[in-house]
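Throughout, read-outs are computed from the coordinates displayed, never taken from laboratory work. It should be emphasised that the depicted structure is a prediction, and the values quoted were computed from it without experimental measurement. Here the Cβ is made from the backbone with ideal geometry for all residues, glycine too, and neighbour counts use every protein chain on show.
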Amino acid sequence: MENMPSYSVNNFDKFAFEYIRTDRQRDMEIFHFHDYYEIYYLVSGQRDYFIDNRTYHVEPGNIVLINKGVIHRTIGNSDAQGYERALFYYEKHFEEEINQRFPNADLFSIFNLDLHVFTLPRENQKFIENQIVKIASECHNKPELYQEYIEVLFIELLMYLKRCINDSLTAVPQTTNLKLAKISDIIAFINNNYMHRLTLSLITEKFYISTSCFTKTFKDATGFTFVQYLNNLRIKHAQYMLRGTDLTVSDIAERVGYESVTHFGRVFKKITGVSPLTYRKQ
């Protein structure tokens, strides 16, 4: 895919596509989650990918499947320089349309697996890379019905991946060493107890790890500080409650672990860009 420029296209109700090639490593500024499905394909280079409470080393030909609402972040790999990757996003309305058109295909079940990263054989890599080239060409040339054709390519990609996974693709294991294994246990604990009062000292005492070791290893493994991770996790759950319940902002703040509704509002706006009430009205 040499000499192919960066492209992006966004049909906000249905799909988005982004392809970039860069000569330097970049970290995603914050870990995040969203209400749409994401497929990440690495063409060249190396990346480390934090997904939920696991870290994966991603190499060329690996494909990453991110479900809705799953916390994730890409992290630059210190042993690599540039990288080349493509992103495919499937919005809620597109999911509903696809499920209506193909009710027995269960295409989005590939995102519900406990596994997130897969190694594609070369012939499968060629198919994915051809899809990228086709979509980029449609984005660049904008021929008649180009958005409709991109929709077809997106659906074809889903069907192809569903078939590949059913044919037993090789899953990429999470990065493991003794320190990271302990960090994974700690992250699982945080995920299950975010609504309670959690402090750095509570974590280090419970898991018999020094503050300095925990702080460094947690940041190295996830790309986040303990406070960043905890706040983003709490705000994620607050967003679900704001959308799906009639609870007051004060009740939601308490349920996700904040003792002060003022502090909750401040953190919420810093992470989302809007106040809780504004978010609920959107």
Give the order of 168, 44, 184 when sorted by the count of other beta carbons within 10 angstrom, beginning with the fewest.
-> 168, 44, 184
Region 162-282 - charge dipole about Cα centre, Lys and Arg +1 at Cβ, Asp and Glu -1, debye rounded to 20 = 340
Classified through the alpha carbon gyration tensor (a ≥ b ≥ c as square roots of its eigenvalues; rounded if a/c is under 1.5, else prolate when a/b is larger than b/c, else oblate), region 157-282 comes out oblate
What FRET efficiency would be calculated for the residue pair residue 275, residue 127, taking the C-beta separation as r and a Förster radius of 51 Å, to the nearest 0.05?
-> 0.70
Find the relative contact order for region 178-281 and round it to a whole percent, using C-alpha pairs within less than 8 Å whose residues are 6+ positions apart.
-> 24
Positive-pole candidate from 82, 93, 72, dipole of region 50-135, charges at beta carbon | 82
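Cross-link list 219/281; 14/142; 182/269; 162/281: which exceed 25 angstrom alpha carbon to alpha carbon?
219/281; 182/269; 162/281
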Pairing the Cα long axis of helix 178-193 with the longest principal axis of the chain, what angle in degrees results, from 0 to 90 and rounded to the nearest 10?
-> 80
Helix axis angle, 92-101 relative to the chain longest principal axis, alpha carbon, degrees | 50
Please identify, among 200, 120, 233, the residue showing maximal mean-square fluctuation in a Gaussian network model of the chain using a 10 angstrom Cα cutoff.
-> 200
Tell me which residues come under 5 Å, amide H to amide H, from residue 34 once H is placed; ignore anything under 5 positions away on its chain.
-> 69, 70
Calculated FRET value between residue 119 and residue 243, using beta carbons and R₀ = 41 Å, to 0.05 | 0.70
Candidates 23, 106, 114; GNM for the chain (alpha-carbon contacts under 10 Å) flags as most fluctuating 114
Report, in debye and to the nearest 20, how large the dipole of region 7-171 comes out about its Cα centre when Lys and Arg carry +1 and Asp and Glu carry -1 on their Cβ.
-> 300
Among beta bridges assigned by DSSP with both residues in the chain, the antiparallel ones amount in percent, to the nearest 5, to 100
Here the relative contact order (percent) of the chain, from C-alpha pairs under 8 Å and at least 6 apart, is 17
Under a plain spin-label model, where a point goes 7 Å from the Cα along Cα-to-Cβ, how far apart in nm are residue 134 and residue 219?
-> 4.6
Helix axis angle, 122-141 relative to the chain longest principal axis, alpha carbon, degrees = 80
Dipole magnitude of the chain about its Cα centre (Cβ charges: Lys, Arg +1; Asp, Glu -1), debye to nearest 20 = 960
Residue farthest toward the positive end of the dipole of the chain, with Cβ of Lys/Arg at +1 and Asp/Glu at -1: which of 56, 130, 274?
-> 274
Summing -39500 (n - 2.57) over every DSSP H run of at least 4 residues in the chain and dividing by its residue count gives a helix-only mean residue ellipticity at 222 nm, to the nearest 500 deg cm²/dmol, of -14500 deg cm²/dmol
